[in-house]
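The values are calculated or read from the model by the stated rules, or taken from the named source; none is laboratory data. Everything quoted here is computed from the prediction, not taken from an experiment. All Cβ positions, glycine included, derive from the backbone under ideal geometry; neighbour counts span all protein chains shown.
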Amino acid sequence: MILPKRLIRLALFLGCLIILLIQNPLPVQAKTLTQKQQAPIGIFIDTLSDFNISNGSFSANFWLWSLIDKGEKNPFDSLEFMNAVRIDTPNNLTIPTSKGIWVQKKVSGTFRHDWNMRNFPFDKQKLKIIFEETEDDIHSFSYQPDIANSSIDQDIKLEGWKIKKLTLNAIDKQYLSNFGNPTLPPGAASAYSRLEIMIELQRTNITGFFKMIAGALASIGLCLVSYFLYEPDIGSLLARFGLHGTSLFAVILSLRSNSGDLGSMAYLTLIDCIHLAVIVYILVATAIAIYIWWQVQKKGDLPALTRISSQVGVVSTLALLACIVVLIIGAATHN
């Protein structure tokens, strides 16, 4: 009879325990308090200006907003603009609503941008505004792009540019450091939420392109004329050299001027390639002039040499123009 009594007592104990757990469930507040905050972030851009190729920057004015619950952190209190040169925040608004706390931040700033001018004037530019959470890592906080409500003011008119699209992309930025965080293992990595806002622009005005290559085109014309100026004396050679020298000087001057307009680049642009092709063309014309004059001095057939000079002039000019067309098509079709 002892065994059944023990079983009865055990059953009564377990029954009472179950009743207590049902009436007084274990607290779940700890999980709620440590739940990851996902902050929706939207943007409205009302100004784009001050495109500075030499300094590698642009300026923008915009509103940021988010919707948070009571007790959650304001995401704008701990963000850092990663590519900012200058930042002003003239307005910060906090508005309670029935669906949460609506927070807004007005930002006016200048941001760094690597102006890729390789394919000017057929270039596309992707301007970026990048900011990052600086306090809580991705285990506690992350941005969620509010794509549906984000946009650019349709009244923004950029001369020579077309605004193609606006994109928002949230990423986890990894760092090979824990920044001394004592809650992380020594030598551990860490990650923080980052939001990248990209405005894609397409250049639409190519008038500046023709202005930049006008000097090079004029040099081609001068050099082509020199192929048809020939007499069997030193004066003729000097006249051709004069045209070549003038052409070369004009091209180099144009190249230097354009480098100033497009900024000092560590790569060749379409404008550079066209000017370099014209320089090679002028040097070839100079070499041909010296060769034909040398043959004339050796009592060569002047009419035949004159025909050779004319033919080389036409062929080399057509080859140069074809080269320029190929360069332009390549730049225009480059993604």
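Residue under question is Asn116, and the condition is that it be of a type in the set (S, T, N, Q) and without any contact (Cβ under 8 Å) to a residue 40 or more places away in the chain; does it hold? Walk me through it before giving the result.
Details: of a type in the set (S, T, N, Q): yes; without any contact (Cβ under 8 Å) to a residue 40 or more places away in the chain: yes.
Taking the combined requirement at face value, the residue satisfies it.
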Count of segment 45-66 residues which are surrounded by 17 or more Cβ atoms within 10 Å (Cβ to Cβ) and closer than 16 Å to Ile95 by Cβ: 3
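Taking segment 44-73 as the search range and keeping residues that are of a type in the set (Asp, Glu) and in a strand (DSSP E or B), which one is farthest from Asp136 (Cα to Cα)? Before you say what the answer is, go through the steps one by one.
Going residue by residue through segment 44-73, those that are of a type in the set (Asp, Glu) are 46, 50, 69, 72.
Still in the running and in a strand (DSSP E or B): 46, 50.
Values: Asp46: 30, Asp50: 34 Å.
That would be Asp50.
For Ile199, state whether it is outside any loop (DSSP other than H, G, I, E, B) and either out of contact with any strand residue (DSSP E or B) (no Cβ under 8 Å at 6 or more places or on another chain) or of a type in the set (A, V, I, L, M, F, W, C) (or both). If you could, list the steps in order and put the result at the bottom.
Values: outside any loop (DSSP other than H, G, I, E, B): yes; either out of contact with any strand residue (DSSP E or B) (no Cβ under 8 Å at 6 or more places or on another chain) or of a type in the set (A, V, I, L, M, F, W, C) (or both): yes.
So Ile199 fits the description; yes.
Based on what the data block shows, is Met212 outside any strand (DSSP E or B) and in contact (Cβ under 8 Å) with a residue 40 or more places away in the chain? Give the derivation first.
On the way: outside any strand (DSSP E or B): yes; in contact (Cβ under 8 Å) with a residue 40 or more places away in the chain: yes.
Judged against the criteria, Met212 is a match.
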Sole residue being in contact with a Gly (Cβ under 9 Å, 6 or more places away or on another chain) and not acidic (Asp, Glu), chosen from Val85, Val107, Val103: Val85
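Answer yes or no: is there a residue in segment 74-88 that is out of contact with any Phe, Trp or Tyr (no Cβ under 8 Å at 6 or more places or on another chain), more than 20 Å from Asp137 (Cα to Cα) and either without any contact (Cβ under 8 Å) to a residue 24 or more places away in the chain or not in a loop (DSSP other than H, G, I, E, B) (or both). I'd like the intermediate steps shown before the answer.
Residues of segment 74-88 out of contact with any Phe, Trp or Tyr (no Cβ under 8 Å at 6 or more places or on another chain): 74, 76-78, 86, 88.
So of that shortlist, the ones also more than 20 Å from Asp137 (Cα to Cα) come out as 86, 88.
Going one step further and asking which of them are either without any contact (Cβ under 8 Å) to a residue 24 or more places away in the chain or not in a loop (DSSP other than H, G, I, E, B) (or both), we end up with 86, 88.
Yes, segment 74-88 contains at least one residue that is out of contact with any Phe, Trp or Tyr (no Cβ under 8 Å at 6 or more places or on another chain), more than 20 Å from Asp137 (Cα to Cα) and either without any contact (Cβ under 8 Å) to a residue 24 or more places away in the chain or not in a loop (DSSP other than H, G, I, E, B) (or both).
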Set Ser236, Ser254: member being of a type in the set (Ser, Thr, Tyr), over 30 Å from Leu270 (Cβ atoms), part of a helix (DSSP H, G or I) and at pLDDT below 90: Ser236
Unique residue being at pLDDT 95 or above and assigned by the TED database to the domain that holds Gln154 when the list is Lys105, Lys70, Lys99: Lys105
